[in-house]
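Worksheet for the structure shown next.
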Amino acid sequence: MRIRRHHISKEKGNDAMTIPFHVSSATRGVNSRRRRRRLGWKPLATTCVLATLAGTLAACGSSGSGSASGSGSSITLTEIDDYPAGLPQYAAYQWLFNAYEKAYPNVKIVRQSVSGTEILPKLLSEAQTHTLPDLAVPDNPNLPNLEATQQFVNLSPYLTKWGQWSSYLPGAQAVATNSTGTYGILIGTNDLGIFYNKKIFAEAGITTLPTTWAQLLSVSKTIVSKVPGLTYGAIGVGGNCGGNWQLLPWVYQQGLNVNQLTAPGMANAVNFWAQLLKEGLANKEIITQCQSTNIPQLVDGKLAMVEDGPWDLPTFTSDNFSDWGAFQIPLSSATDKESVPLGGEVWMIPKTNSATEQAAWNFIQWSQSPQILLQFDAKLGYFSVRPSLWPAEEKATPAITPFINELKYAEGRTTVLGANFATYSTDLNTALAQVLEGQKSATDALSEAAAAAKSSIGSGG
């Protein structure tokens, strides 16, 4: 990952590569180019946050959790997540665990944090040796591989008894569910939109934000023709994001998935990016960059627009950059609908014993109470996957509204394809690079990608 200026963060939403359940494959196949990004706006100013500061956390946090502390006997839960010390999200998790231990003193949570590239192979290895912890928090695209081990608890009975699962974002329910049950609950989510430099738009005379591809193309042409000094073009997108993170919104909005490589809409999306590059409208580093690496150019007035997410709002603040706005990813046609890939990790319960599994569920259920979830997601810099909490999040940070609007039709990357997503995604990445570099036409590159994916999956992938 390229580091620009002082902006350093851990990308998360675009980690989409999954691997089959074999320890050797896990060791070899984890995406070494893992690019991870988290959202990062200021904590929500909810009533319960203020109450927490006053020392009333237990009172405002345990609503609806009932016997969250279990029988009252002492119990220790072991946990693993992928946010090492030094990251803001590490502190968010620790806040959550400390709050639970304070509310329920009979429970102690022993935490282990590893890097993002370590957690999947570690969990797969421990699944084989039956040494898994009591709680695991992997990235959501890893779910299919972990479910395949049959060493994780089906949460469906707990969710049925709880009675609140139906109020969660449909995409968040689907990504954690297969034909046998539900195996995780997203801790929160993130997505993509477009930031723009208001001064540049004003200088170009742009008063209406683009909502379609055609309008985006027209606005980009107007900007580069009227505004000097745009050394990075009109819009920054990234073709080098693992799992096609930044291309997926342009694909999903058409009702397509990455296995539909030869669909006309897939070629249209790839060709649209290629057109932006060919006509000098997109940043010249489109092939090698990924999302936040374009933010310094936006701040410096060398780039008019960037496809990115709210995790970079703190960068705007630290740079004293206030001349920005945001809008949703433009649609290819009026019949399309906003759809973005879901980022975020999932709470999972490994199989241990009935008492420990119940204690782990008690903790998860408590963490999902609205007052606690609002605070935790704010500290993580995430959106809640409970839409009923969105108004509170928007009230605290109005700038996130375009991003929340896109979540209504959000999709999990592995929901349809399971572990095969990684194969199709890898071959789509190859085709996209070939087209952007001018090596092949979109039709040829995508046809070859489809054949390669089919061959790989057919031979066991």
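The values are calculated or read from the model by the stated rules, or taken from the named source; none is laboratory data. Note that this is a predicted model, so its numbers are computed, not measured. Cβ atoms come from the backbone with ideal geometry, glycine included; neighbour counts cover every protein chain shown.
One table, with the values for the structure above:
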read-out: Subset of the range 291-331 that is touching a strand residue (DSSP E or B) at 6+ places or on another chain (Cβ under 7 Å) and part of a loop (DSSP other than H, G, I, E, B) - its residue that is nearest to Asn405 (Cα to Cα); value: Gln328
read-out: Among the candidates Ala433, Ala392, Ala451, residue that is buried (at least 16 other Cβ atoms within 10 Å of the Cβ) and assigned by TED's automatic domain parsing to the domain that holds Asn268; value: Ala433
read-out: Matching residues in the range 357-377 - criterion: being part of a helix (DSSP H, G or I) and among the hydroxyl-bearing types (Ser, Thr, Tyr); value: Ser367
read-out: Members of the range 365-406 that are within 15 Å of the chain's Cα centre (by Cα), under 20 Å from Ala92 (Cα atoms) and of a type in the set (Asp, Glu); value: Asp377
read-out: Residues that are surrounded by 22 or more Cβ atoms within 10 Å (Cβ to Cβ) and either out of contact with any Gly (no Cβ under 9 Å at 6 or more places or on another chain) or at pLDDT below 95 (or both), drawn from the range 348-360; value: Pro350, Ala360
read-out: Some residue of the range 204-221 being surrounded by fewer than 21 Cβ atoms within 10 Å (Cβ to Cβ), farther than 19 Å from Ser332 by Cα and within 27 Å of the chain's Cα centre (by Cα); value: no
read-out: Residues within the range 293-343 that are under 21 Å from Pro170 (Cα atoms), touching a helix residue (DSSP H, G or I) at 6+ places or on another chain (Cβ under 6 Å) and not hydroxyl-bearing (Ser, Thr, Tyr), tallied; value: 7
read-out: Within the range 170-181, tally of residues that are surrounded by fewer than 21 Cβ atoms within 10 Å (Cβ to Cβ) and closer than 29 Å to Trp390 by Cβ; value: 5
read-out: Complete set of residues in the range 414-461 that are in a helix (DSSP H, G or I) and polar (S, T, N, Q); value: Asn420, Thr423, Ser425, Thr426, Asn429, Thr430, Gln434, Thr443, Ser447, Ser455, Ser456
read-out: Residue in the range 222-244 that is surrounded by the most Cβ atoms within 10 Å (Cβ to Cβ), counting only those that are at positive phi and in a loop (DSSP other than H, G, I, E, B); value: Gly233
read-out: Check on Gln112, surrounded by fewer than 20 Cβ atoms within 10 Å (Cβ to Cβ), assigned by TED's automatic domain parsing to the domain that holds Lys351, in a helix (DSSP H, G or I) and touching a strand residue (DSSP E or B) at 6+ places or on another chain (Cβ under 8 Å); value: no
read-out: The range 86-114 residues that are more than 23 Å from Gly381 (Cα to Cα) and among the small types (Gly, Ala, Ser), paired with ones that are at pLDDT 95 or above and surrounded by 15 or more Cβ atoms within 10 Å (Cβ to Cβ) (beta carbon under 8 Å, 6 or more apart); value: Ala103/Trp366
read-out: Residue under evaluation Gln173, criteria (1) modelled with pLDDT under 95; (2) within 16 Å of Pro341 (Cβ to Cβ), criterion not met; value: (1)
read-out: Given (1) within 27 Å of Glu79 (Cβ to Cβ); (2) surrounded by fewer than 21 Cβ atoms within 10 Å (Cβ to Cβ), index of the condition Asn420 fails; value: (1)
read-out: Qualifying residue in the range 184-198 (condition: farther than 25 Å from Ser367 by Cα, over 20 Å from the mean Cα position of the chain (by Cα) and part of a helix (DSSP H, G or I)); value: yes
read-out: Only one of Val340, Val306 that is within 19 Å of Arg413 (Cα to Cα) and either out of contact with any Gly (no Cβ under 8 Å at 6 or more places or on another chain) or surrounded by 20 or more Cβ atoms within 10 Å (Cβ to Cβ) (or both); value: Val340
read-out: Residue count, the range 245-266 (criterion: assigned to a helix (DSSP H, G or I) and surrounded by 21 or more Cβ atoms within 10 Å (Cβ to Cβ)); value: 6
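Condition check ((1) part of a helix (DSSP H, G or I); (2) of a type in the set (A, V, I, L, M); (3) modelled with pLDDT of 95 or more; (4) surrounded by fewer than 16 Cβ atoms within 10 Å (Cβ to Cβ)) across all residues:
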{"residue": "Tyr100", "(1), (2), (3), (4)": "yes, no, yes, no"}
{"residue": "Ile119", "(1), (2), (3), (4)": "yes, yes, yes, no"}
{"residue": "Gln128", "(1), (2), (3), (4)": "yes, no, yes, yes"}
{"residue": "Pro133", "(1), (2), (3), (4)": "no, no, yes, no"}
{"residue": "Gln150", "(1), (2), (3), (4)": "no, no, yes, yes"}
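Yes/no matrix, rows are residues, columns are (1) without any contact (Cβ under 8 Å) to a residue 60 or more places away in the chain; (2) in contact with a helix residue (DSSP H, G or I) (Cβ under 6 Å, 6 or more places away or on another chain):
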| position | (1), (2) |
| --- | --- |
| Thr117 | no, no |
| Val137 | no, no |
| Val153 | no, yes |
| Thr160 | yes, no |
| Ser167 | no, no |
| Pro170 | yes, no |
